[in-house]
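Asker: Just passing along the structure, written as structure tokens.
The values are calculated or read from the model by the stated rules, or taken from the named source; none is laboratory data. All of these numbers come straight from a predicted model, not from anything done at the bench. No Cβ is skipped: glycine too gets one built from the backbone with ideal geometry, and neighbour counts run over all protein chains shown. For the accessible areas, the whole protein counts, side chains as well, though only heavy atoms, and no ligand, DNA or RNA atoms are used. Shrake-Rupley method; radii C 1.70, N 1.55, O 1.52, S 1.80 Å.
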Amino acid sequence: MAHIGEAAFYHQLSRSFPANSVVLMEGITDNRNLLTNVITYQRMATSLGVAEQEKELTLSRSNW
């Protein structure tokens, strides 16, 4: 799943969580250095005129 979309979507989503919510975040790593290219959604998001989830979804890190 590519985590890109309209910036307004992520802003609305951020505001929709109650203050006492706990959000589970997934992540990927390349600890074994198997990938030949850097993983980034920025190029795809920019070319589509949308935003990366990581940049627009603002959540309190204490609840991750």
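Asker: At a Förster radius of 25 Å, what calculated FRET efficiency corresponds to the Cβ-Cβ distance of residue 31 and residue 9, to the nearest 0.05?
Answerer: Numbers: r = 31 Å, r/R0 = 1.25.
For residue 31 and residue 9, the calculated efficiency is 0.20.
Asker: Follow-up. How far is helix 7-16 tilted off the main Cα axis of the chain, in degrees rounded to 10, range 0 to 90?
Answerer: 40
Asker: Another question, if that's okay. In Å², and per residue, what accessible area does the chain have when probed at 1.4 Å with the other protein chains present? Can you show the working numbers first?
Answerer: Details: 5510 Å² over 64 residues.
It amounts to 86 Å² per residue over the chain.
Asker: Here is a follow-up. Using DSSP loop states and a limit of at most 15 other Cβ atoms within 10 Å to flag GluC sites (Glu not before Pro), what is the longest stretch of the chain containing no flagged site?
Answerer: Within the chain, the longest run free of exposed GluC sites (Glu not before Pro) spans 27-64.
Asker: Give me the net charge of residue 3's neighbourhood, meaning all other residues with Cβ under 11 Å from the Cβ of residue 3; Lys, Arg count +1, Asp, Glu -1.
Answerer: Numbers: positive: 55; negative: 26, 52, 54, 56.
Neighbour charge sum, excluding residue 3 itself: -3.
Asker: Here is a further query. Within 13 Å, Cβ to Cβ, of residue 49, how many net charges do the neighbouring residues add up to if Lys/Arg are +1 and Asp/Glu are -1?
Answerer: Neighbourhood net charge equals -1.
Asker: Calculate what fraction, in whole %, of the accessible area of the chain sits on carbon and sulfur atoms when a 1.4 Å probe is rolled over the protein chains. Show your work: numbers first, answer last.
Answerer: On the way: 2960 of 5510 Å².
So the carbon and sulfur contribution to the accessible surface is 54 percent.
Asker: Which order do 21, 16 take by accessible area at a 1.4 Å probe, largest first?
Answerer: Details: 21 25, 16 75 Å².
The ranking, largest first, comes out as 16, 21.
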